[in-house]
Each structure stands twice: as C-alpha cells, then as structure tokens.
1. When you check TYR237 against the structure, is it touching a residue at least 60 places away in the same chain (Cβ under 8 Å), open to solvent by less than 50 Å² (accessible area, probe 1.4 Å) and in contact with a Leu (Cβ under 9 Å, 6 or more places away or on another chain), yes or no?
2. Within the stretch 401-419, can you find the residues that are farther than 10 Å from ALA226 by Cβ and either modelled with pLDDT under 95 or open to solvent by less than 30 Å² (accessible area, probe 1.4 Å) (or both)?
3. Go through the stretch 354-364 and give me each residue that's of a type in the set (A, V, I, L, M, F, W, C), open to solvent by 40 Å² or more (accessible area, probe 1.4 Å) and touching a residue at least 12 places away in the same chain (Cβ under 8 Å).
4. Between ALA281, ALA258, which is in a helix (DSSP H, G or I) and open to solvent by 20 Å² or more (accessible area, probe 1.4 Å)?
5. Being within 22 Å of GLY375 (Cβ to Cβ) and open to solvent by 10 Å² or more (accessible area, probe 1.4 Å) is the filter here; which residues of the stretch 171-199 pass it?
6. For residues in the stretch 327-353 being within 19 Å of the chain's Cα centre (by Cα) and part of a loop (DSSP other than H, G, I, E, B), which is surrounded by the most Cβ atoms within 10 Å (Cβ to Cβ)?
7. Just to be sure, is ASP286 at negative phi and either of a type outside the set (Val, Ile, Thr) or more than 22 Å from the chain's Cα centre (by Cα) (or both)?
Amino acid sequence: MRSPRPSLALSALGCLFLVTGCGGGGFAGESQAQQSEGGPVTVRMLVNISPNLTQTYWDGLVKPFEQANPGIDVKIEAPTGKGVADTLPQQLAAGNAPDVVETLMADETLAKQMLDLTDQAWTKDTPLAEQAKLGGRLYQVGVGVQAQSLVFYNKTAFDKAGIEQPPQTFDELETAMGELKKAGYLPLQTGGDFLTGLQVLQLSNPSRAQTHPAWQQDVKAGKTKAGESLLPYLERYQGWIDKGYVDKNALGLKYADAETQFLTGKSAMYVMGSWFTATEAKAEKDFEVGVFPAPVDKGQAYPGPQGATLAAPYMILKSTPNKDAALKLVQWLVTDPAAVKSQLAQDGNFRTGVEREFTPLEKQVQDILDQAPSGVPQGEGYGDATLPKGFNSAWNTEVQGLYVGKSPKEVAEGVDRWLAGRS
C-alpha cells in the first residue's frame, strides 16, 4: 500500500493527544444538555464479534481510552442477530440504537441515521476517506484497508503437484487445480455461510475491474447487468464443481471449519481477504502458506486491480445524546498509534505509515498491495460505488444454487431479478 496510486494510497498515520476528561456527562438516553454537567457518560458501541475480534479483545482495546478519559465509560455490545447488519436495524426500530457502530458502511438509507463527519479535520488522514464519501459527505472512518482478491496456497502442495509458479490467468489456475487433484489435494477450499459467494466475487474482482471499471455505478444506473456481467465466472465455477476442484458438499461446511480444512493441509488453495493472515499466524501447521493475487482473464494485465475495502469502519449515530464523547472515542480508535496498530494486527489489516511487525505472510500481502495498479470496491461497494443493501447476501444465495442444480444462467438471472426489484 505504500503507493501514490489514489485507489490504494492511504495517508500517513496521524497522532492524537488525549486530554483527561470528557467535556460532558449524561448517560445514554438522557438529554444532550445534561452532558455539560460533568457527570459520567456511557458510550455504547456495537461491534463485530469474530474469532479474532472477541469481546475480550474489544474490552481490552478501549481500556486505555477509558483510563485517559475517566468521565467516559465504553460499553462494548455484541450483535444480538446474525451480525451487526441484522442487529442495528432491530435496535433502531426499538428506539435503542447504540452511540457508535463498527463494521458497516453507509448507504443512502443508513447515512440518514448517521452523523456527518465531513467537517471533522482529523478524518481527512484516515484510510479511503475520499473513496468512501457518499454524495461528497463522509459518514464513516476506518482503521485500515482489507485486501480482498487474494489466493492463499499450501506451498508443499504446490511442490508435490509440480507447480513452480502461482497461476496468473484463470486457464493457468484450472491447469494447476488438475495437477493438485492428481497429487491428492482438494484444489480449492470453500464452504457454506457467506463464504461461497464471497470467494467468487473476490476471484472476479481483478478481471471484472478491467472489463467494467465502474461496475457498481454502471449496475446501479442500469447500464450493466450484474449477473450477466459475471456469468463467465459463474460458468467457470460450475466447471470446478463438476470436476471436483471444490467439494460438492461444501455448503455444509461452516466458515471456521473451512479455514481449518485449509490450515490442516487438506486443501491446496483458499481464496480470502487479508484478515486471514491473522488466523494463519496463530495456526499450528506443518507447511508454509504463500499468497498470490487472484488471476485474470487471458490477455488482461496481471496483477489486476485489487479488491479493497475499509477495515474496521466506525460510524456515529445522529441520535446519540453523547455526541462529544462518541466523537472523541471514534477519533481515538482511528488515529491513536497504539489503538491503530492493535486493530491492524488483530485482524490482519494494513495501513500506510504504520510500522508494525509483519509476519512473512503479511509482508507478501503488503507487497501485493504495493504492486496492484489500483483498488476496486468489493461486492456491495462503498461511497458512491454502492449497490442496494443486501446484494452480497442475495448474490451468495444465488451462487449456492450452483451446488443444488441451478445453472450459471439461472443464477445470473436470479441476481438480476433481485436488483431489478430494487432499482
């Protein structure tokens, strides 16, 4: 990511000097006027909980902030639904919204509920601040960047299969898959949950971005059909299922179990975002993991544009009665050097200007980001390159249909029908 290219270039890490005291008081639910009375303030923060980002991690992360600001208590809240995306609407409907929400990106609907951060001077040096703007306004700030179009691979498996160089085109990838299967490996690890559709999007990003540089905008404007434009990748993926290059029973495998399958040497390749490096670093294994950029179509430039999303985005609810305290917390989370380093390392994310100790695999990911010609939004996208909310889930459901008898054409048409109903 140490690159002058605008899509991936991230500003240098700024420093935040904390001052003791919150400048306000009042518990959540009390009036804004009460914050000036000097009492304690509780800031509720709804966050993503994952194997890397546990409740214990989050509590430990904000502890230094609470110590530096004794008038502010940060209450970490885990999702009560399937995730943050399910939980926040429920809380909004119940009139019980948090002060701060992590993980989500603002779309035209959600932005109406969020505090406009455009005029906050400290936001301009946060990652992808310009790219994430919606209608010229900034509603979320992030800690770093996640690379999305990565293929992690078992170097021992590649050696046994006689594969000397990672494949650069989809044709080369399929040839490698055939050799890996002959060597006794499941060529490509996938699974159920959200994993199935996500991997197809991640693999298609570098090629799709060269054919349709403004894909999300064109789909939203009706110039391009999403399913139709991705049909060649669906047809290729169907071939992988038919040839046994992916497990035909993969839908029964949970996300965490799919990771375990790869890390225990049962499969040779695993398509995932850069956060996987954090999981890999903790795993005991008897082989070395490498990584290469997702391949491209024949005749396209390689490496292609890298899928890039904002890591750990934070938004502040417009309805918060604790605006000053919430602003102070979010500013600290995305600008304090120790807080930023901790979050980057914990979930395998990256940010230009932040020096931290890289694992060998993280260094390879950093090199991939450095060499990528640009970055492109992933899936639903962000900022003005945003598809209707729910696209990722709808896409995933349709792609999983390939495992139960749907044709690639039927899947593509299903995706386009879903989008047509939300135009």
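The values are calculated or read from the model by the stated rules, or taken from the named source; none is laboratory data. What you see is a predicted model, and the numbers here were worked out from it, not measured in a lab. Neighbour counts are summed over all protein chains in view; Cβ atoms, including those assigned to glycine, are modelled from backbone coordinates with ideal geometry. For accessibility, only protein heavy atoms count, side chains too; no ligands or nucleic acids. Shrake-Rupley method; radii C 1.70, N 1.55, O 1.52, S 1.80 Å.
1. yes
2. GLY401, LEU402, PRO408, VAL411, GLY414
3. Taking the stretch 354-364 first, the residues of a type in the set (A, V, I, L, M, F, W, C) are 354, 358, 361.
Among the residues that remain, those that are also open to solvent by 40 Å² or more (accessible area, probe 1.4 Å) are: 358.
Hits for the stretch 354-364: nothing passes.
4. ALA281
5. Listed by number, the residues that qualify are PHE194, LEU198.
6. Taking the candidates together, the pick is ASN349.
7. Values: at negative phi: yes; either of a type outside the set (Val, Ile, Thr) or more than 22 Å from the chain's Cα centre (by Cα) (or both): yes.
For ASP286, the condition - at negative phi and either of a type outside the set (Val, Ile, Thr) or more than 22 Å from the chain's Cα centre (by Cα) (or both) - is met.
Quick grid of which residues meet (1) closer than 27 Å to LEU361 by Cβ; (2) not hydrophobic (A, V, I, L, M, F, W, C):
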site	(1), (2)
VAL200	yes, no
ARG208	yes, yes
ALA214	no, no
GLU228	no, yes
